[in-house]
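The following block contains the structure, expressed as structure tokens.
The values are calculated or read from the model by the stated rules, or taken from the named source; none is laboratory data. Note that the structure is a prediction, hence the values are computed from the model and not measured. Every residue, glycine as well, gets a Cβ built from its backbone with ideal geometry; the counts of neighbours run over all protein chains shown.
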Amino acid sequence: MPLYPEQASNFAPNVDALMVYITAICLFFAVAITAAVIFFFFKYRRKSAGGVGVPIHGDMRLEVIWLVVPLILSLTMFAGGAVVYVDFRRPPMDTLDIYVVGKQWMWKAQQPTGLREINELHVPVGRNVKLILASEDVIHNFSVPDFRVKMDVVPGHYNTLWFRPTKPGKYHFYCSQYCGTNHALMGGWVTVLEPTEYEAWLSGSSSADANPLVAGEKLFAEKACNTCHLSDGKGRAPSLNGVYEGKVLLADGSTVTADDAYIRESILAPAAKVVAGYQPVMPTFQGQLTEEQIIALTAYIKSLQSQPVPATGAGIAPAGKK
Amino acid sequence: MSTTPAARPSATPGNTLPREHYLNATYGIRSWLLTTDHKRIALLYLVSVTFFFFIGGAFATMIRIHLLTPNGYLVTAETYNKLFTMHGVAMIFFFLIPSIPAVLGNFLIPLMIGAKDLAFPKINLLSWYIYLVGGSFVLYSFSTGGLDTGWTFYTPLSSVYSNSAVTPAVIGVFINGFSSILTGLNFIVTIHTMRAPGMTWFRLPLFVWAHYATSIIFILGTPVIAITLLLAGLERMLHLGFFNPALGGDPILFQHLFWFYSHPAVYIMILPAMGVISEIIPTFARKPIFGYTFIAGSSIAIAVIGFFVWAHHMFLTGESAYAALTFSLLSYLVAIPSAVKVFNWTSTLYKGSISWDTPMLYALGFIGLFLVGGLTGLFLACLGLDIHIHDTYFVVAHFHYIMVGGAVMGYVGGLHFWWPKITGRLYPEFLARIAAVTLFIGFNLTFFPQFILGYLGMPRRYHSYPPEFQVFNVMSTAGASILALGYLLPMVYLIWSMRYGTVAGRNPWPATGLEWQTDSPPLTENFDVTPEVTWEAYDFVNRPDLGLDVKGAPSLAPAHGDD
């Protein structure tokens, strides 16, 4: 019977090390206190019916010791946990980004090439992978015990989860946040492939139809985004060329990074962060787009990065990104 | 093990029940349903919380049977989800939260401080009726479609997507909240204003301190859960957008509000149990509790710090990493006062005169189980480790060790300890020891395997699971059958003893508290004359009235303690 799951990601050894460290400390205290209780229980068993104990009321030195020592040990546990967690919450820059959408009761993933998977996820070994998580309905949680990672998938938010698989193989993933009737069936397999196999797998099953760029470009026209977001920056709305991952100057003087979450918010709640120099005229698309369509639009907007910013539109939307 | 040399000095066959006491003062159903006697109201609560305990227990039994096989043995996915939800709602809101405060606290606080009743006897009765009304709404929900949201009622599942009877359930929990608030108010006012002459704050039994701390949480926390669930109900009924992102709400907001109460609620469950243990240990070790002020102060510290740790339930919701760091640190801080209590209880045993009576077995069982429950909290407070064990069976095991291993062991132990005071009769000692040991073993067999299941990655609230997890699930179910036996046994012999038990006398153990200075069962007015307190808490040596062999006791220089 195994006592811990397979170690198949960069986080697994660190999380297990925390487990061993905290278990060791706790085991020490648990054994010491249990031994003391049992020892006293026998040693000071009542000898006569009227017997009384020695009236000891307390000891200040002992109280201070057992306030301070557990406090110090606790702080070391806190620090160890904090290091791993901060690493987990800060994905590196060079990630392979995969969109994952949860809905009652299935997982849909989309590779950067547009390849879609349901209740499956293929990733290359040794590569930093970032999952961008969205929910169509209730709160879910994407969890891979063999990687020691999980993250809630919250409607109305984008959460991210990153890991670096270290071992090829097939690993269970689960929904860990109770989400209704078939919560327990909302799982699947992560397949970790050698990089060459991963490339072969991608090209073997890819199809242009599924390409989010194509779908996104179509939506961009269908939803009439292109009537205001002119690429030369002369429209009623800022040009989106090169906006992705750049800094955007807002009407209130602050700046934000145009990441996935910002783009999503700007589509669903355009009035929340208005770009400097523009009127809040954009209507909300709340309820008119599925999470997957938002992902497609985001993918299209991302692709605009590679196009040169027209000279006439300079200095308007993207402030800072070269 | 049926007889010990430490037979109880006053529990001799010569005892007779007092001629008049609160149980025979008046007769008839009206005299119970309209009573304002805190002792009778405590018994009304005893019956009602026991009812909900058996409802919750029946659901738990079905859950454990269902999980015997990977594909589920007993019910459909939908029914399974309802079972664990209703198990949680019944146990938490209608058994664990009221159990010790509303039964033992209600019965004992006035007796312990030398008062005739609580400060507001009619409000006390009102609390019970509110509890009944709230409970009826919840039972209505259970019986008309059930409830499948999880006891956490997370939105938008509960407010939009669930097809079960959510609305009556949230109304029931909302109403029940007022019962807690009024009980807390009653306790605080009583403890402040109705202490007998000489009963200073630092002569109060630690049980009273624990209930004072609990009452603070009742009053400050309960309104938040009540309003939060009401908002979720309004979102469901009227489609107002509080938590549903499609209507401009935020589901994370619900979690913040929910846990702002529901984490302190854990301390509502465990603090009174700690109070019980703090009474039992000095009584059966026959010596003053070690570090009185530290145990009393740690109750208050737990109540206060406990309000600032709620977001540790939300480390993986995407909350700011800075918030997560803060809440992790605060969660470690709240562990310290709990540790202080355990160290002090253990030290109290040192050089005691320890009897092996049943309440003491429960107290020692409590220390062992609370130790495991508390220490595993350190694992979950650890940010890096929580990424892996969050929302797995590790969490399930952890909080059952606290709530069942801790709170319920404290409650059952306390029932045994004060049973002679409540009924005037003793429970059968031998059977009671068997039950205590059965509970301890059954509990560990049920829940320890779940720690391993959790670390292996089995998520909670799963009606079916991959086959590799079956071994530990079977172990857990086997343990649960022993545990169930451990609960049925006291149920049977406690009822039996109400008629056939040995008459206990005023102070069978003997113990030092004021509640033992009056008849068992007490008069309706509790005391013939208002008692005057001239001794410190848990002082056995300067109490010739207890009839103990003080001269033969190993003596010590005057206490250098802190009380």
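Tell me, yes or no, whether region A:70-91 has at least one residue that is under 22 Å from the mean Cα position of the chain (by Cα), in contact (Cβ under 8 Å) with a residue 60 or more places away in the chain and more than 9 Å from chain B (Cβ to nearest Cβ).
There is at least one residue in region A:70-91 that is under 22 Å from the mean Cα position of the chain (by Cα), in contact (Cβ under 8 Å) with a residue 60 or more places away in the chain and more than 9 Å from chain B (Cβ to nearest Cβ).
Right, next: Of all residues in region B:307-321, count the ones that are part of a helix (DSSP H, G or I) and within 10 Å of another protein chain (Cβ to nearest Cβ).
1
Looking at region B:381-401 only, could you name the residues that are surrounded by fewer than 24 Cβ atoms within 10 Å (Cβ to Cβ) and hydrophobic (A, V, I, L, M, F, W, C)?
Matches in region B:381-401: B:VAL395, B:VAL396, B:PHE399.
A follow-up question, please. Looking only at region A:1-16, which residues are facing another protein chain (nearest Cβ under 9 Å), touching a helix residue (DSSP H, G or I) at 6+ places or on another chain (Cβ under 8 Å) and touching a residue at least 12 places away in the same chain (Cβ under 8 Å)?
Result: A:TYR4, A:PRO5, A:PHE11, A:ALA12, A:ASN14, A:VAL15.
Of all residues in region B:217-244, how many are crowded, with 22+ Cβ neighbours inside 10 Å and either within 12 Å of chain A (Cβ to nearest Cβ) or among the aliphatic types (A, V, I, L, M) (or both)?
So the answer is 6.
If you don't mind, there's one more thing I want to ask. Sort through B:LEU349, B:LEU333 and tell me the only one that's farther than 27 Å from A:LEU3 by Cβ and within 7 Å of another protein chain (Cβ to nearest Cβ).
None of the other options fit; the residue is B:LEU349.
A further question on this structure: Which of (1) surrounded by 18 or more Cβ atoms within 10 Å (Cβ to Cβ); (2) under 30 Å from B:GLY241 (Cβ atoms); (3) among the hydrophobic types (A, V, I, L, M, F, W, C); (4) out of contact with any Pro (no Cβ under 6 Å at 6 or more places or on another chain) is the odd one out, the single condition B:MET91 does not satisfy?
Only one criterion is unmet by B:MET91, namely (2).
Now, a different point. Only one of (1) modelled with pLDDT under 95; (2) surrounded by fewer than 16 Cβ atoms within 10 Å (Cβ to Cβ); (3) assigned by TED's automatic domain parsing to the domain that holds A:ASN128; (4) not charged (D, E, K, R) fails for A:SER48. Which number is that?
Result: A:SER48 fails condition (3) only.
Which of (1) modelled with pLDDT of 95 or more; (2) surrounded by fewer than 20 Cβ atoms within 10 Å (Cβ to Cβ); (3) not polar (S, T, N, Q) does A:MET106 not meet, given it meets every other one?
Answer for A:MET106: the failing condition is (1).
Within region A:141-253, considering only strands (runs of 3 or more DSSP E) that don't extend past its boundaries, which have at least 1 residues that are over 30 Å from A:VAL125 (Cα atoms) and of a type in the set (D, E, K, R)?
Strands (runs of 3 or more DSSP E) meeting the threshold: A:247-249.
If I filter region A:114-135 for residues that are assigned to a helix (DSSP H, G or I) and either within 14 Å of chain B (Cβ to nearest Cβ) or crowded, with 17+ Cβ neighbours inside 10 Å (or both), do I get at least one hit?
The answer is no; no qualifying residue exists.
Which of the residues that make up region A:23-44 are out of contact with any helix residue (DSSP H, G or I) (no Cβ under 8 Å at 6 or more places or on another chain), more than 26 Å from B:LEU380 (Cβ to Cβ) and either aromatic (Phe, Trp, Tyr) or facing another protein chain (nearest Cβ under 7 Å) (or both)?
A:PHE39, A:PHE42
Let me ask something else. Restricting attention to region B:436-470, which residues are assigned to a helix (DSSP H, G or I) and charged (D, E, K, R)?
Hit for region B:436-470 is B:GLU468, nothing else.
Is there a residue being under 19 Å from B:SER320 (Cα atoms), in contact (Cβ under 8 Å) with a residue 12 or more places away in the chain and assigned to a helix (DSSP H, G or I) anywhere in region B:259-274?
Scanning region B:259-274, I find at least one residue that is under 19 Å from B:SER320 (Cα atoms), in contact (Cβ under 8 Å) with a residue 12 or more places away in the chain and assigned to a helix (DSSP H, G or I), so the answer is yes.
From the list B:TYR131, B:TYR154, which residue is assigned to a loop (DSSP other than H, G, I, E, B), of a type in the set (Phe, Trp, Tyr) and either more than 26 Å from B:LYS39 (Cα to Cα) or at pLDDT 95 or above (or both)?
B:TYR154
Mind checking which residues of region A:254-282 are touching a residue at least 40 places away in the same chain (Cβ under 8 Å), part of a loop (DSSP other than H, G, I, E, B) and not hydrophobic (A, V, I, L, M, F, W, C)?
Residues satisfying the conditions are A:TYR278, A:GLN279.
Is it fair to say A:ALA8 is surrounded by 17 or more Cβ atoms within 10 Å (Cβ to Cβ), under 30 Å from A:LYS130 (Cβ atoms) and in contact with a Lys or Arg (Cβ under 9 Å, 6 or more places away or on another chain)?
yes
Are any residues in region A:213-243 crowded, with 19+ Cβ neighbours inside 10 Å and either farther than 22 Å from A:GLN288 by Cβ or β-branched (Val, Ile, Thr) (or both), and if so, which ones?
Those that are crowded, with 19+ Cβ neighbours inside 10 Å and either farther than 22 Å from A:GLN288 by Cβ or β-branched (Val, Ile, Thr) (or both): A:GLY233, A:SER239, A:ASN241, A:GLY242, A:VAL243.
Can you pull out the residues in region B:338-362 that are in a helix (DSSP H, G or I) and under 26 Å from A:LEU71 (Cβ atoms)?
Of everything in region B:338-362, those that are in a helix (DSSP H, G or I) and under 26 Å from A:LEU71 (Cβ atoms) turn out to be B:SER338, B:ALA339, B:VAL340, B:LYS341, B:VAL342, B:PHE343, B:ASN344, B:TRP345, B:THR346, B:SER347, B:THR348, B:LEU349.
So, one more: Give region A:163-174 a look and list any residue that's in contact (Cβ under 8 Å) with a residue 24 or more places away in the chain and either in contact with a Lys or Arg (Cβ under 7 Å, 6 or more places away or on another chain) or more than 7 Å from chain B (Cβ to nearest Cβ) (or both), or say none.
Listed by number, the residues that qualify are A:PHE163, A:ARG164, A:PRO165, A:THR166, A:LYS167, A:PRO168, A:GLY169, A:TYR171, A:PHE173.
Moving on. Considering region A:247-261 alone, what residues qualify as being buried (at least 19 other Cβ atoms within 10 Å of the Cβ) and either at pLDDT below 85 or not hydrophobic (A, V, I, L, M, F, W, C) (or both)?
If the condition is that a residue be buried (at least 19 other Cβ atoms within 10 Å of the Cβ) and either at pLDDT below 85 or not hydrophobic (A, V, I, L, M, F, W, C) (or both), then A:ASP260 is the only one that fits.
Taking B:MET498 as meeting all but one of (1) out of contact with any Asp or Glu (no Cβ under 6 Å at 6 or more places or on another chain); (2) touching a residue at least 40 places away in the same chain (Cβ under 8 Å); (3) crowded, with 17+ Cβ neighbours inside 10 Å, write down the number of the exception.
(3)
With respect to the numbered conditions (1) more than 9 Å from chain B (Cβ to nearest Cβ); (2) part of a helix (DSSP H, G or I); (3) of a type outside the set (Ser, Thr, Tyr), which one is the sole condition not fulfilled by A:ASP97?
(2)
Report yes if some residue within region A:55-69 is surrounded by 14 or more Cβ atoms within 10 Å (Cβ to Cβ), at the interface with chain B (Cβ under 7 Å from one of its Cβ atoms) and in contact with a strand residue (DSSP E or B) (Cβ under 8 Å, 6 or more places away or on another chain); otherwise report no.
Scanning region A:55-69 turns up no residue that is surrounded by 14 or more Cβ atoms within 10 Å (Cβ to Cβ), at the interface with chain B (Cβ under 7 Å from one of its Cβ atoms) and in contact with a strand residue (DSSP E or B) (Cβ under 8 Å, 6 or more places away or on another chain).
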